[in-house]
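The values are calculated or read from the model by the stated rules, or taken from the named source; none is laboratory data. Here the structure is a predicted model, which means the values were calculated and not measured. Cβ coordinates were reconstructed from backbone atoms using ideal geometry, including for glycine residues, and neighbour counts include every protein chain displayed. Just the protein is used for accessible areas: all its heavy atoms, side chains included, with ligands, DNA and RNA removed. Shrake-Rupley method; radii C 1.70, N 1.55, O 1.52, S 1.80 Å.
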Amino acid sequence: MSGSALWRQIRRRGLTTLAVMGMSKNTGKTVALNHLLACAAHDGVAIGLTSIGRDGEERDQVFDIPKPPVRVWPGSIVATARDTLARACVRWKLLAASGVGSPMGEIVLVQVLEHGTMEVAGASRAADQQSIIGQLRQCACALIVLDGALGRSQHASPAVAEGVILATGAAVGGGIGNILRKTRERLAMLEIAQADAQTARRCRPVFAQGGVGVWDRAGQLVAHLDVATVNAAAALRAFADRAPAMIALSGAVGKRLWPTLRQFLADNPGLTLVVADGTKLFIEHADLRHFQQHGGRVLAERCIAIVGITVNPCAPHGGDVVAADLLDAARRAFPEHQVSDVMREHELIASGVSL
């Protein structure tokens with residue numbers, strides 16, 4: 001497994017936290033996760049594993065189809081809800097209770113004693129995730145892997161994970177061209193450029209304390225509003241006559257706020273928006289593209305590092321594509337990223353082929 005190009009990329013970067021997220025259901029996220037866990041076991045890397053949702057259950061909770069189980073290895077430390085342990089097909093040793101609750105019971109830390117499968121359900125709130133990561137670090141985990149969930153991406157924030165693996169594939173639908181288009185759009189949202197040092201310095205108090213910041217064209221702070229960004233439209237409109245040149249938004253930026261931001265751009269050409277990172281944008285790619293095409297800038301306090309992209313040619317409800325064609329097309333489409341079909345790599349490595 002140590003011959004995996006994707007695994008080598010992770011090791012080369014020296015990451016200590018890694019998020020695995022999927023474009024949609026059934027794009028191969030769990031398969032990619034299992035590939036990384038197997039590579040780590042082969043190379044003797046101490047792994048910590050947790051999830052922001054639930055993974056490893058026998059059947060998909062949305063589509064009621066069989067799911068690949070999460071395969072864990074001896075020595076790994078898993079942070080999971082206590083209720084999941086009754087269904088673990090592996091021996092484990094309880095290390096500690098985390099003090100973090102969940103709908104499936106308190107999150108506990110267990111050491112895996114043998115190779116097997118288990119369900120993993122972790123903390124959903126960002127602050128709780130940070131607490132769990134800290135506790136896994138205290139267990140001497142060299143790499144902490146964070147498994148994502150449908151519709152959630154906060155674990156991919158650079159405030160949580162140093163790098164991200166994005167799983168895409170035929171389940172996105174529409175053939176190879178559409179798979180690549182939608183993946184490109186997701187990457188454009190996640191990989192918005194990092195703010196320059198001066199801009200980041202001005203915005204730092206807003207991101208440290210929360211709320212919304214407004215600056216004029218002279219770079220002077222007009223207002224630091226103690227308001228949740230999702231409900232900030234009315235508060236922002238009160239400053240429409242102050243010719244804002246930059247707005248910093250510490251939290252989620254969604255569709256309710258976006259029309260106000262578009263109007264601000266129309267009235268103030270060259271408006272800059274600064275968000276915490278790309279996971280905070282809950283808008284369509286078309287919204288982002290329109291804003292940028294009309295002269296606006298969207299920057300991140302901290303940019304997201306996409307470590308690699310995995311592709312899955314299979315779709316459970318039909319629409320499979322040719323594996324080699326998808327992999328070749330994705331590598332041409334995203335030359336700046338390590339693109340892998342981990343199932344194909346596993347088969348090649350098992351047969352003695354060096355990648």
If a residue has to be among the hydroxyl-bearing types (Ser, Thr, Tyr), over 28 Å from ALA127 (Cβ atoms) and surrounded by 21 or more Cβ atoms within 10 Å (Cβ to Cβ) to count, how many in region 239-289 make the cut?
0
Residue ranges of strands (runs of 3 or more DSSP E) in region 104-192 with at least 3 members among the aliphatic types (A, V, I, L, M), closer than 15 Å to THR27 by Cα and within 20 Å of the chain's Cα centre (by Cα):
163-169
With criteria (1) assigned to a loop (DSSP other than H, G, I, E, B); (2) farther than 28 Å from ILE304 by Cα; (3) at pLDDT 95 or above, LEU15 comes up short on (2)
Does CYS203 satisfy the condition of being within 22 Å of MET246 (Cα to Cα), touching a residue at least 24 places away in the same chain (Cβ under 8 Å) and either part of a loop (DSSP other than H, G, I, E, B) or open to solvent by less than 10 Å² (accessible area, probe 1.4 Å) (or both)?
yes
Suppose the filter is farther than 28 Å from ARG13 by Cβ and either within 14 Å of the chain's Cα centre (by Cα) or among the basic types (Lys, Arg) (or both); does ARG82 pass it?
yes
Within region 2-20, residues buried (at least 22 other Cβ atoms within 10 Å of the Cβ) and farther than 24 Å from CYS139 by Cα come out as SER4, LEU6
Could you give me the residue pairs with C-beta distances under 6 Å whose first residue belongs to region 74-101 and is at negative phi, whose second residue is of a type in the set (Asp, Glu) and surrounded by fewer than 20 Cβ atoms within 10 Å (Cβ to Cβ) wherever it lies, and which are 6+ apart or on separate chains?
PRO74/GLU114; ARG82/GLU106; VAL90/GLU114; ARG91/GLU114; ALA97/GLU106; VAL100/ASP128
Could you please let me know if ARG125 is surrounded by fewer than 17 Cβ atoms within 10 Å (Cβ to Cβ), among the basic types (Lys, Arg) and without any contact (Cβ under 8 Å) to a residue 12 or more places away in the chain?
yes
How many residues are in contact with a Lys or Arg (Cβ under 9 Å, 6 or more places away or on another chain), open to solvent by 30 Å² or more (accessible area, probe 1.4 Å) and assigned to a helix (DSSP H, G or I) if we restrict to region 208-238?
2
